[in-house]
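Notes to accompany the following structure.
The values are calculated or read from the model by the stated rules, or taken from the named source; none is laboratory data. Given the structure is predicted, the values throughout are model-derived calculations rather than measurements. Cβ placement follows ideal geometry from the backbone for every residue including glycine, while neighbour counts extend to all protein chains displayed. SASA here: full protein model, heavy atoms, side chains in, ligands and nucleic acids out. Shrake-Rupley method; radii C 1.70, N 1.55, O 1.52, S 1.80 Å.
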Amino acid sequence: MRKLFQLKALSFFVCALLMSSAAMAQDKPQPSPRDSVSGTINGATISINYGAPSVRERVIFGGDKPLEAYGKIWRAGANQMTTFTTSKDITVEGKTLPAGKYSFFATPGETEWTIIFNSVTGQWGIHRDGTANDDPAKDVLVVKVKASKHELTERLKYVIGKKGFSLVWENVEVPVKVK
């Protein structure tokens, strides 16, 4: 009788383990999946690796209670730091950025944005208090660019073209000139 009870208990636990494993293996869409884009500009291979959040009926920039406030440094993506890699020295908005891998931050503004390339990579994009994980002492290059209105883009994306790259999200496009 005791062996029968132990066998039933063991069978129950094995079934429970199998069902919980199957439940955990379900593919659930990430709210901000990792994405990347790469391209060539004037012989330099450029790649941008970022977390791609969605608008999901939220106000992203400007307006009442935006997700990303004007004048506040933002990780330019979601979760881990956004990274920008260039295989050769490039000129960004007229300033030299040496070949290498950088974390990429932005400070949104209504019409003008600040774009920041920082030497620290491989960390989470924000501190526990929600502020961007940018150490200004490690900023390699900081430039100002003009933002423009754009049709609604649900998921953050970066686009690389012949003249540079753009950050596109919600109703904003932020082009950055690269030579």
| Sole residue being modelled with pLDDT under 95, closer than 25 Å to residue 122 by Cα and among the hydrophobic types (A, V, I, L, M, F, W, C), chosen from 17, 67 | 67
| request: With the checklist (1) modelled with pLDDT of 90 or more; (2) in a loop (DSSP other than H, G, I, E, B); (3) open to solvent by 40 Å² or more (accessible area, probe 1.4 Å) in hand, flag the one item residue 27 doesn't pass. | output: (1)
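Where residues in the range 115-154 are of a type in the set (D, E, K, R) and open to solvent by less than 60 Å² (accessible area, probe 1.4 Å), which of them is farthest from residue 73 (Cα to Cα)?
Quick first cut of the range 115-154, residues of a type in the set (D, E, K, R) only: 128-129, 134-135, 138-139, 144, 146, 149, 151, 154.
Filter again for open to solvent by less than 60 Å² (accessible area, probe 1.4 Å), leaving 134, 139.
Numbers: 134: 8, 139: 13 Å.
Out of the qualifying residues, it is 139.
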| message | Restricting to the range 78-87, name every residue that is open to solvent by 10 Å² or more (accessible area, probe 1.4 Å) and over 16 Å from the mean Cα position of the chain (by Cα). | response | 87
| task | May I ask you to verify whether residue 75 is closer than 16 Å to residue 157 by Cβ and open to solvent by 60 Å² or more (accessible area, probe 1.4 Å)? | result | no
| query | So, in the range 30-42, of the ones that are open to solvent by less than 40 Å² (accessible area, probe 1.4 Å) and more than 11 Å from the chain's Cα centre (by Cα), which residue ends up farthest from residue 154 (Cα to Cα)? | reply | 41
| note | For the range 97-108 the number of residues that are open to solvent by less than 20 Å² (accessible area, probe 1.4 Å) and under 18 Å from the mean Cα position of the chain (by Cα) is 6
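Just the residues that are over 16 Å from residue 116 (Cα atoms) and part of a strand (DSSP E or B), please, taken from the range 163-179.
Once the filter is applied, which keeps residues that are over 16 Å from residue 116 (Cα atoms) and part of a strand (DSSP E or B), the range 163-179 yields 168, 169, 170, 171, 172, 173.
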| field | Sole residue being under 15 Å from residue 103 (Cα atoms) and charged (D, E, K, R), chosen from 75, 56 | value | 75
| said: If residue 94 meets every condition in (1) on the phi > 0 side of the Ramachandran plot; (2) buried (at least 19 other Cβ atoms within 10 Å of the Cβ); (3) of a type in the set (Gly, Ala, Ser) apart from one, which number is that one? | reply: (2)
| Subset of the range 43-55 that is over 8 Å from the mean Cα position of the chain (by Cα) and not β-branched (Val, Ile, Thr) - its residue that is surrounded by the fewest Cβ atoms within 10 Å (Cβ to Cβ) | 43
| said: As an exercise: evaluate residue 157 against (1) exposed (fewer than 13 other Cβ atoms within 10 Å of the Cβ); (2) out of contact with any Asp or Glu (no Cβ under 6 Å at 6 or more places or on another chain) and give the number of the one condition it does not meet. | reply: (1)
